[in-house]
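For reference, the structure discussed in these notes is given below.
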Amino acid sequence: MLTWHVVTGEYPPMIGGVSDYSQVVADGLARAGDEVHVWCPLQAPAESSNGVTVHPALGGISHHDLRAVDDQLDRFPAPRRLLVQWVPHGFGYRSMNVRFCLWLRRRARHGDRVEIMVHEPYLAFGEGGVRWTAAASVHRLMTAILVRAASRIWIAIPEWERCWRPYALGRDVPFVWLPIPSSLPVPAMEDRQFIRDRYALGGRPVVGHLGSYGADASRMLSAAVPEILRRAPDAAALFLGQHGARFHQQLTAAHPQWSSRTHATGALRSDDLARHVRACDVLVQPYPDGISSRRTSAMAGLALGVPVVTTAGGLTERLWGESGGVSLVRADDPQALATAALGLLADNSARIDIASRGRRLYADNFDVRHTIAALRGTAPEPCASLS
């Protein structure tokens, strides 16, 4: 049995992809028989469940908070294994908490094993003003400290190794690709029909989108969804996710004729969200940098057997095109996105085929069992031959 200390800036009931991922990993390690402790901010409840003990001791992740965590961690037998869920903005101080990185390096120097899971590397230069550039510079300083502290670096997509490897300065730290699994449970089939009856009376097809509705994705959806509704007059559109209601309001303001055929759910619990995803005939998932193994929204569709129409871009790994598990179009072509979705709506056998391929792609490469096996050292590097 291994003992894990999962250090994360988000954990349920906090909303976010890192929060969901941290819980999925913690629960998976506990089911494998390991002892799991989660160290997170105060927003999370101080409780234990499913073999996972939650310690909301990080507080505001200040010097005082980190000293308090030191006192509690040091009660566990050394060396402790710290699995850090890294996004720069996840640990406060306007995403520039250098103190937290130095704290991890000190823990490593005193014998703890620090492993970093990189969800996001750092801000890019040249995309904002002076404050943005200052933050991007500090992020690279933080990266250098973390690479020096880590005994292993897990990466959500292969591209993050290219971003972080130079900061190793020749140190031979291993980088391992660890794709992000879906965080949703599998609902019963009768739940699917219940949701469909709510949004698609008369058996109309349902086109869904699950995401955070960022500016780039919203631009693609704003062009693609009206085209889908125009060319498929019996279809309904369903916008899932915390900010879906805002996007829905903007879309119907521009296209009031579609108001009766478009719906938004707002934030949902994971079990209810899973029922809504599974109720869709097709998910339309544009990503400005392309689908990749860090996109939990796409993973939800694959895991639940929903055909996914998505975009290929600079971060898209080779396996997406080779597997046939998704329908791929260019990331800058909303008309192609709409046409691909309409093609699947019109062809039941094509929908069944791509859903089957997608489910197989997910099971073979992205299912959480691969994540847990890799972390515990009982499996080779996931997807290594298809990056």
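The values are calculated or read from the model by the stated rules, or taken from the named source; none is laboratory data. Every value quoted in this text rests on a predicted model; they were computed, and no experiment measured them. Positions of Cβ are backbone-derived with ideal geometry, glycine not excepted, and every protein chain shown enters the neighbour counts.
Observations
- Of everything listed in (1) in a helix (DSSP H, G or I); (2) exposed (fewer than 15 other Cβ atoms within 10 Å of the Cβ), the single unmet condition for ILE354 is (2).
- The listed residue being of a type in the set (A, V, I, L, M, F, W, C) and surrounded by fewer than 20 Cβ atoms within 10 Å (Cβ to Cβ), out of ALA298, ALA363: ALA363
- If you go through the stretch 130-173 and keep only what is free of Cβ contacts under 8 Å to residues at least 40 places away in the same chain and of a type in the set (A, V, I, L, M), you end up with VAL130, ALA134, ALA136, ALA144, VAL147, ILE153, ILE155, ALA168, LEU169, VAL173.
- Among helices (runs of 4 or more DSSP H) entirely within the stretch 132-237, having at least 2 residues that are not assigned by TED's automatic domain parsing to the domain that holds CYS101 singles out 189-199, 215-231.
- Here GLY51, GLY9, GLY60 are screened, and the one residue that is surrounded by fewer than 20 Cβ atoms within 10 Å (Cβ to Cβ) and closer than 19 Å to TRP86 by Cβ is GLY60.
- Here is the figure for the stretch 247-306: residues that are in contact (Cβ under 8 Å) with a residue 40 or more places away in the chain, within 30 Å of GLU159 (Cα to Cα) and part of a helix (DSSP H, G or I) total 11.
- Number of the exception - PRO88 against (1) surrounded by fewer than 21 Cβ atoms within 10 Å (Cβ to Cβ); (2) touching a helix residue (DSSP H, G or I) at 6+ places or on another chain (Cβ under 6 Å): (1)
- Listing of helices (runs of 4 or more DSSP H) fully contained in the stretch 17-128 that carry 2 or more residues being within 30 Å of LEU315 (Cβ to Cβ) and in contact (Cβ under 8 Å) with a residue 24 or more places away in the chain: 17-31, 98-109
- For ALA331, the conditions (1) within 30 Å of LEU29 (Cβ to Cβ); (2) under 20 Å from the mean Cα position of the chain (by Cα) are fulfilled apart from (1).
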